[in-house]
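Novice: I am attaching a structure below and will ask some questions about it afterwards.
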Amino acid sequence: MSNRTGALVSAAITLLLFTVIPLMAPQYLPPSYIETLARTGIDVPSFVNQLAIMGVAVAALTLVKGFVAPASPIYLLAALASSGLTFAFTVVTLSFGKLEELGNLGLTSMTVEVQGSVNAITLDFRFLVQLTALTVALRMVEAVFAYLEARKEAKVPEPPSAPARAADI
Amino acid sequence: MITQIVSLAAFGLSMYSVYGVLSSTFSGGLGFEMDFDEATGVGSLRLEVTPQNPGYLDADVTLGLKLLDGDGVAVASESFSAALAPGGYETISLVLEVSREDYERIALGGESSIELFLGLRTLFDLVGISDTITIPQGVQG
């Protein structure tokens, strides 16, 4: 499979997983679930839109990487941005799209009031965010090294052709 | 790639343990029993739950119970922690003892509330959830 075909397939899968499925999922959830989520302060439509936008961005960057030469600075920028978006995707998902919780990097609080009872829930997923940060950092370093390697290969001059023998002249 | 797979596996296993312990703790509702011993003059509030860990990771469970008066001050409190191995369970019984004065103040018309705390940590103490439920008097089933 060529780079371009691979990029197209990868972008299509990314779009399906991170854009199409999140956008369609609320239709299949019982309305009571949506109401319960809304009571906790989770804005489901906004959350879904955030995931979908990031899905489109990651798919677009995947396409860019497939159609641009690895030695191009655009390829490096796309690879770094793609890794950054992966981190953003993790943080947004673990914060359930609550913008005020994004800065807590995996420590998410929500409050639900049901029939007079107040239910305060705190989720501590900071370790998973830290693990993702490590993964993303390693991928960024890898992207930089791959870019430098590709540049080096692109600059290697063609080996000179064998000198003509005097007898041939 | 390896760290991504580890991250996904850690998240999945943690969520499975968290969901399993929480659902087993709250399944069937929370039954509070309130008694008053005329002989000793001591009132008691009892809560018994049996959290189970159906997951594949150890889980540390902390259960706390507080009886708060109308000003939000704790009249009595009790907590208990247990480590649940995969497949394990533990029956936790919390009993709050309340003096006659406080019992009468709270049970006979005064405003009060019960605060139940459930803390759960898993994945070698790296992932956790805490849930604090405040139930005003009159709402308790």
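The values are calculated or read from the model by the stated rules, or taken from the named source; none is laboratory data. Note that the structure is predicted; figures quoted are calculated from it, not measured. Positions of Cβ are generated from backbone atoms using ideal geometry, with glycine treated the same way; all protein chains shown enter the neighbour counts.
Novice: How many residues does segment A:142-158 contain that are among the hydrophobic types (A, V, I, L, M, F, W, C) and exposed (fewer than 11 other Cβ atoms within 10 Å of the Cβ)?
Specialist: Matching residues across segment A:142-158 total 2.
Novice: Could you list, in sequence order, the residues of segment A:1-35 that are in contact (Cβ under 8 Å) with a residue 24 or more places away in the chain, under 10 Å from A:Leu63 (Cα atoms) and among the hydrophobic types (A, V, I, L, M, F, W, C)?
Specialist: Listed by number, the residues that qualify are A:Ala7, A:Leu8, A:Ala11, A:Ala12.
Novice: Restricting attention to segment B:87-99, which residues are free of Cβ contacts under 8 Å to residues at least 60 places away in the same chain and either surrounded by 14 or more Cβ atoms within 10 Å (Cβ to Cβ) or not in a strand (DSSP E or B) (or both)?
Specialist: Selection gives B:Gly87, B:Gly88, B:Glu90, B:Thr91, B:Ile92, B:Leu94, B:Val95, B:Leu96, B:Glu97, B:Val98, B:Ser99.
Novice: Let me ask you something else. If a residue must be out of contact with any helix residue (DSSP H, G or I) (no Cβ under 8 Å at 6 or more places or on another chain) and within 13 Å of chain B (Cβ to nearest Cβ), how many such residues does segment A:70-125 contain?
Specialist: 11
Novice: Among the listed residues B:Ala85, B:Ala74, B:Ala39, B:Ala107, identify the single one that is out of contact with any Ser or Thr (no Cβ under 8 Å at 6 or more places or on another chain), at pLDDT 90 or above and more than 14 Å from chain A (Cβ to nearest Cβ).
Specialist: Of the residues listed, the single one that is out of contact with any Ser or Thr (no Cβ under 8 Å at 6 or more places or on another chain), at pLDDT 90 or above and more than 14 Å from chain A (Cβ to nearest Cβ) is B:Ala85.
Novice: Sort through B:Glu111, B:Glu101, B:Glu78 and tell me the only one that's touching a strand residue (DSSP E or B) at 6+ places or on another chain (Cβ under 6 Å), of a type in the set (D, E, K, R) and more than 24 Å from B:Gly12 (Cβ to Cβ).
Specialist: B:Glu78
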